[in-house]
Amino acid sequence: MSLPTWIKHHLANPCQQQWRQAQSLGWDIDQSEVYCPRCGSSINIQAVTKRGCVFCVNQKLPWQSLHRLSAYHPPMSDWILSMKFARQWRWGTHLGKIMAQQWDWLNHLDQVVVCPVPMHWLRRWHRGFNQASLMAHSLGKARQWPVTSLLKRTRHTPPQTQVVPSQRAINVQGSVTAKTIDLAGWTVLLIDDVKTSGSTLKTCCQVLRKMGPSEIHVDVAAVADPKKSDFTTI
Ligand SMILES: [Zn+2]
């Protein structure tokens, strides 16, 4: 006996449907040739040197590489906003799964631990979930890698988008602590939904570095261009 149509519709994953629909219209995740592997900015890879791209040249970044599924543009920006502000938590699971399935570069990593960017308990209570944690658990499950909340937010800070650019690093400074775990020999995948100024990710990596991992790679669903208006809508 087959299920009634309305039950099938209810059970269907709306994220998968919207994802497929976007692909049918020609959208897809970014290939590595269209963004800088250091900072994630949109740029032709041929314009990136060992010192970085025009946006990150000579900047000392506390991670080995940064990967993104997309720039912070529709449809990805719409999906992320619905995840964060319309309680569409399934997007977290879906995006983590897509990272695990479609990023071949992950195949070359050994002894990996997946770690979400932490969220202060007050914001988590308000939102009901940490989207970075959903993504991290989904990626870890698909790849059979351990997922651990190595980091903790000790201070409730205003969202970075509500802080002027010059104050963003100060806003998150000292707001993250770590468990005392020896990560020697481990590769950490640090997961977040969106990279904006990068201040939060840098703070997290600086704390992670004290645990001595071999490498840290940052994986985000989207990278916002701080020079454009999309930066203020997150
Ligand atoms: Zn760059």
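Quick look at the values:
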quantity	calculated
Ranked by how many other beta carbons lie within 10 Å on average, peptides 199-212, 50-63, 26-39 from highest	199-212, 26-39, 50-63
For the stretch 180-227, diffusion coefficient by Stokes-Einstein and Kirkwood Rh (Cα), 4 °C, 1.567 mPa s, µm²/s	113 µm²/s
Cα centroid of the stretch 14-45 to Cα centroid of the stretch 105-149, whole Å	21 Å
Shape category assigned to the stretch 13-233 from the gyration tensor of Cα positions, a/c cut at 1.5	rounded
Residues with amide H under 5 Å from that of Lys195, placed H, sequence gap 5 or more	Ala222, Val223, Ala224
Residue-span extension gain [Phe129 to Asn58] - 0.36 nm each, minus C-alpha spacing	21.9 nm
Cross-link table Lys60/Lys97; Lys50/Lys97; Lys152/Lys202; Lys60/Lys84; Lys50/Lys202, entries beyond 23 Å C-alpha to C-alpha	Lys60/Lys97; Lys50/Lys97; Lys60/Lys84
Estimated FRET transfer efficiency when R0 is 25 angstrom, pair Trp121-Ser65 (beta carbons, to 0.05)	0.25
Backbone HN-Hα couplings from phi across the stretch 193-208 [Karplus 6.51/-1.76/1.60, Hz, Gly and Pro as x]	7, 9, 9, 9, 7, x, 4, 5, 5, 5, 4, 4, 5, 4, 6, 4
Segment Ala47-Lys179, extension gain: residue separation times 0.36 nm, minus the distance between their alpha carbons	43.6 nm
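Bear in mind these aren't lab numbers, they're just calculated from the coordinates by the rules spelled out. None of these values were measured; they are calculated from a predicted model. Every residue, glycine among them, receives a Cβ derived from its backbone with ideal geometry; neighbour counts consider all protein chains shown.
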